[in-house]
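The values are calculated or read from the model by the stated rules, or taken from the named source; none is laboratory data. Here the structure is a predicted model, which means the values were calculated and not measured. So basically every Cβ, Gly included, is an ideal-geometry build from the backbone, and we count neighbours across all protein chains shown.
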Amino acid sequence: MDAPAVIAALGPLVPGAAYEAGASADFATIYVSPDRLVDTARALRDTPSLRFTALVEVTAADYFPRDPRFEVVYHLLSIPNRLRLRLKVRAGDSDPVPTVQGVWPSAGWLEREVWDMFGIVFDGHPDLRRLLMPEDWEGHPQRKDYPVQIRKPAQTYEPLEISEEEFKANLERDRQRRVAR
Amino acid sequence: MPGLRTETMTVNMGPQHPSTHGVLRLVLELDGEVVRSLRPTIGYLHTGIEKTAEQKKWQQVVPLVERMDYLAAQSNSLAFVLSVETLLGLEMPQRVKDIRVLITELQRIASHLIWLGTHALEIGAVSMLFYAIRERELIMNINELVAGFRFFPSYFRVGGLREDLPRGFHEAVNAFLDRFPAKIDEFEGLLSKNDIFMRRTQGVGVISADDALAWGLVGPIARGCGVDYDVRKYFPYCGYETYDFDVPTEREGDVYARYRVRMRELRESVKICRQAIARIPPSGAWACDDPRVVPPPKDKVYTEMEALIQHFLIYSQGFTVPAGDAYVPVEGPRGEHGVYIVSDGTNRPWRIKMRAPSLFAIQALPAIVQGGLIADVVAVIGSTDVVMGDCDR
């Protein structure tokens with residue numbers, strides 16, 4: 001089933017939604033607008049000719065400096081129909097995307113990871129916290145304008161027992177001893 | 001009794017608990033022995049591999065993705081090279097496909113052996129770990145023979161393999177395949193009818209087929225509750241459609257069913273390996289002949305100018321991949337491993353994302369163990385076969 005066929009099947013089920021077929025090298029890709037995402041997801045899951053019962057991946061890609069910069073990508077799997085589908089939603093820097101957790105519970109952590117890595121807000125998500133990075137981390141590392149190499153001082157709950165200067169001095173002292181030996 | 005007051009107790013399990021398979025932290029709310037709620041915390045092994053990969057050339061990403069799921073290194077790299085080859089439109093020679101099938105099936109056996117050893121160890125069958133590791137050592141030796149590296153061989157490359165198979169490869173694989181089926185019988189003899197093992201696993205950690213799919217648990221966990229989905233059958237890659245093998249399923253959906261599924265998968269993998277090794281001729285093509293990706297043979301580099309230039313370009317600039325995106329799934333030992341890649345048409349990936357089956361398993365953990373006993377938490381974690389390097393990436 002290619003993208004136009006999926007769009008034709010979805011058309012009557014989600015009135016008022018505008019779909020767009022995307023280019024792809026492997027399987028069908030369709031773009032959907034954020035406001036019709038949840039209705040589309042429910043139709044994709046429940047329609048017998050589609051039956052995308054499993055959401056296998058949610059991720060995003062940052063196309064900075066393009067506007068809107070983000071694409072949130074959902075990979076769907078239909079076991080009874082042996083189909084895969086890629087669903088894409090475009091999102092700007094501060095545009096929220098509705099959560100699809102009500103349709104597929106597996107979206108919960110995946111959307112948390114997208115928030116963590118890209119800073120895309122999922123509207124209606126009950127527990128939108130960081131998943132992989134520490135809770136007090138600043139910034140969203142997978143954004144293209146996030147630096148690759150950063151230096152961060154060690155974070156501890158107690159003061160460090162040895163300062164960085166002392167540590168370096170100790171290393172130097174050990175090196176001198178080795179040289180002298 | 002009047003005036004008797006009960007309250008729940010919050011217990012922290014991990015991140016250094018020996019049975020959490022790495023660094024997974026669970027916050028359990030207990031009512032006596034019963035688990036009322038469970039909150040997993042992950043991220044302790046996050047190393048930012050996906051961000052690092054964006055700074056590397058395409059070929060340099062292969063060793064990086066192997067370090068995600070460290071027990072199934074070559075499933076990761078197979079998914080990655082297949083997705084890049086999809087964008088490049090490359091078709092591999094039959095021999096390369098068969099070698100890839102053979103190596104990844106051996107990898108599946110090695111990964112399942114670690115699962116078997118640790119899972120049985122945690123339930124109390126301590127000696128299983130030694131028996132399982134002993135057999136896995138033979139597969140590590142085969143890896144070393146092939147690539148000089150036991151854990152992360154990086155043998156698969158975009159465009160084929162790194163080099164041809166070494167001398168003695170067929171003998172080593174055949175010796176392992178002759179020895180191993182009797183060992184599976186031995187393992188099953190120790191566990192399958194073991195009263196303690198059965199009591200610890202039967203009826204424990206039950207999940208229904210609908211729930212498994214809703215939580216995205218495609219793989220051995222879903223096959224343990226009757227879903228016969230296997231990427232190798234549904235969306236064949238590397239010529240799996242030409243191999244004769246079955247997809248084992250069980251109906252119960254409990255820890256014991258997942259154990260049965262994986263034990264039968266070991267036998268199916270041996271079956272596939274036997275067919276593959278019989279098909280692989282001792283010498284032949286080990287890469288496709290696309291000059292964009294595969295460097296020319298060394299004797300031509302020394303004698304022909306064009307070959308020298310091409311060799312230099314591939315090793316200095318790398319190759320470019322047409323703009324676009326692709327997601328290629330493979331059946332890894334823990335379920336569907338997939339890599340989503342985005343290319344902007346340059347020699348470095350714009351974005352790569354690994355679908356981590358362990359992440360889904362840990363996400364579904366509260367749904368599986370809630371209402372069960374605390375001792376069953378260990379059995380359930382073992383049966384989901386999570387690898388934290390895969391989960392946190």
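Structure notes:
- Of the residues examined, residue B:155 is one that is within 23 Å of residue B:177 (Cβ to Cβ), in contact with a strand residue (DSSP E or B) (Cβ under 8 Å, 6 or more places away or on another chain) and among the aromatic types (Phe, Trp, Tyr).
- Evaluation of residue B:291 against (1) of a type outside the set (S, T, N, Q); (2) under 30 Å from residue A:87 (Cβ atoms); (3) away from every other protein chain (no Cβ under 14 Å); (4) more than 19 Å from the chain's Cα centre (by Cα) (one fails), failing number: (2)
- Residue in segment B:313-366 that is farthest from residue B:72 (Cα to Cα), counting only those that are away from chain A (no Cβ under 11 Å), in a strand (DSSP E or B) and out of contact with any His (no Cβ under 6 Å at 6 or more places or on another chain): B:331
- Residue count, segment A:83-123 (criterion: among the basic types (Lys, Arg), within 12 Å of another protein chain (Cβ to nearest Cβ) and over 22 Å from residue A:46 (Cα atoms)): 1
- Residues that are touching a residue at least 40 places away in the same chain (Cβ under 8 Å) and out of contact with any helix residue (DSSP H, G or I) (no Cβ under 9 Å at 6 or more places or on another chain) within segment A:42-56 comprise A:42, A:45, listed in sequence order.
- Matching entry among B:207, B:221, B:196 (being assigned to a helix (DSSP H, G or I), touching a residue at least 60 places away in the same chain (Cβ under 8 Å) and buried (at least 22 other Cβ atoms within 10 Å of the Cβ)): B:221
- Of all the listed residues (A:152, A:144), the sole one being in contact (Cβ under 8 Å) with a residue 60 or more places away in the chain and surrounded by fewer than 21 Cβ atoms within 10 Å (Cβ to Cβ) is A:144.
- Checking the stated criteria, residue B:276 turns out to be in contact with a Leu (Cβ under 6 Å, 6 or more places away or on another chain), at pLDDT 90 or above and not polar (S, T, N, Q).
- Residues located in segment A:24-35, provided they are away from chain B (no Cβ under 14 Å) and buried (at least 17 other Cβ atoms within 10 Å of the Cβ): A:32
- Restricting segment B:58-70 to residues that are out of contact with any Phe, Trp or Tyr (no Cβ under 8 Å at 6 or more places or on another chain) and surrounded by fewer than 24 Cβ atoms within 10 Å (Cβ to Cβ) leaves a set whose member that is nearest to residue B:353 (Cα to Cα) is B:64.
- Set side by side, the residues A:56, A:38, A:73 differ, and just one is within 13 Å of another protein chain (Cβ to nearest Cβ) and within 17 Å of residue A:91 (Cα to Cα), which is A:73.
- In this structure, residue B:144 does satisfy being within 30 Å of residue B:319 (Cα to Cα), assigned to a helix (DSSP H, G or I) and at pLDDT 90 or above.
- Checklist (1) of a type in the set (Asp, Glu); (2) modelled with pLDDT under 90; (3) closer than 20 Å to residue B:100 by Cβ applied to residue B:331, failing item: (2)
- Residue match in segment A:106-124 (condition: assigned to a loop (DSSP other than H, G, I, E, B), of a type in the set (D, E, K, R) and surrounded by fewer than 19 Cβ atoms within 10 Å (Cβ to Cβ)): no
- Scanning segment B:183-193 for residues that are among the aliphatic types (A, V, I, L, M) and buried (at least 17 other Cβ atoms within 10 Å of the Cβ) yields B:184, B:191.
- The single condition among (1) buried (at least 17 other Cβ atoms within 10 Å of the Cβ); (2) out of contact with any Ser or Thr (no Cβ under 6 Å at 6 or more places or on another chain); (3) of a type in the set (Phe, Trp, Tyr) that residue A:64 does not satisfy is (1).
- Test: residue in segment B:186-207 that is aromatic (Phe, Trp, Tyr) and away from chain A (no Cβ under 14 Å): yes
- Selection count, segment B:263-308, where residues are within 30 Å of residue B:219 (Cα to Cα), part of a helix (DSSP H, G or I) and not hydroxyl-bearing (Ser, Thr, Tyr): 16
- Boolean, residue B:136 is touching a Cys at 6+ places or on another chain (Cβ under 9 Å) and modelled with pLDDT of 90 or more: no
- Residue B:60 being within 14 Å of chain A (Cβ to nearest Cβ) and either among the aliphatic types (A, V, I, L, M) or touching a residue at least 40 places away in the same chain (Cβ under 8 Å) (or both): no
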